[in-house]
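Okay, so here's the structure we're looking at.
Read-outs throughout are calculated quantities, based only on the coordinates presented, and are distinct from any laboratory measurement. Everything numeric in this text was worked out from a predicted model, so none of it was measured. Using ideal geometry, Cβ is built from the backbone for each residue, glycine included, and neighbour counts are taken over all protein chains shown.
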């Protein structure tokens, strides 16, 4: 199978499920602690582009930091560049896990999506 980069938080149940699924599928993983080493704004821009998803899908909307910062309302007024800088400044704002092989990207963990993308 392929080498994958996984931005994750080891204490996150969803991340653990995703990592376990990928390992069982035979992938070689590079685990990156998303809180300590969040992707840079440039890396995030590339991830967003390769994912085909809207930038807002990369925000952890259920997280405490997102809610504390009132981002639901603020994001609408921010440019993409501002949003990318904000995400790269705090890994807790980023929806996880992010899995990439440098050309394909998935965000979050849905087994059905992983089956289609990483099998």
Per-region count, the stretch 89-112, residues surrounded by 13 or more Cβ atoms within 10 Å (Cβ to Cβ) and more than 11 Å from the chain's Cα centre (by Cα)
4
Would you check if residue 43 is in a loop (DSSP other than H, G, I, E, B) and either within 12 Å of the chain's Cα centre (by Cα) or under 21 Å from residue 12 (Cα atoms) (or both)?
no
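Please go through the stretch 76-113 and give me each residue that is in a helix (DSSP H, G or I) and in contact with a strand residue (DSSP E or B) (Cβ under 7 Å, 6 or more places away or on another chain), ordered by number. Before the answer, list the steps.
At the first step, the residues of the stretch 76-113 found to be in a helix (DSSP H, G or I) are 76-77, 80-89, 91-93, 111-113.
87, 93, 113 - these are the residues of the stretch 76-113 that are in a helix (DSSP H, G or I) and in contact with a strand residue (DSSP E or B) (Cβ under 7 Å, 6 or more places away or on another chain).
Could we say that residue 57 is farther than 27 Å from residue 23 by Cβ and surrounded by fewer than 17 Cβ atoms within 10 Å (Cβ to Cβ) here?
Values: farther than 27 Å from residue 23 by Cβ: no; surrounded by fewer than 17 Cβ atoms within 10 Å (Cβ to Cβ): yes.
For residue 57, the condition - farther than 27 Å from residue 23 by Cβ and surrounded by fewer than 17 Cβ atoms within 10 Å (Cβ to Cβ) - is not met.
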When you scan the stretch 3-34, how many residues do you find that are over 14 Å from the mean Cα position of the chain (by Cα), in a helix (DSSP H, G or I) and either exposed (fewer than 14 other Cβ atoms within 10 Å of the Cβ) or free of Cβ contacts under 8 Å to residues at least 12 places away in the same chain (or both)?
4
All but one of (1) part of a loop (DSSP other than H, G, I, E, B); (2) farther than 17 Å from residue 11 by Cα; (3) in contact with a strand residue (DSSP E or B) (Cβ under 8 Å, 6 or more places away or on another chain) hold for residue 57; which doesn't?
(1)
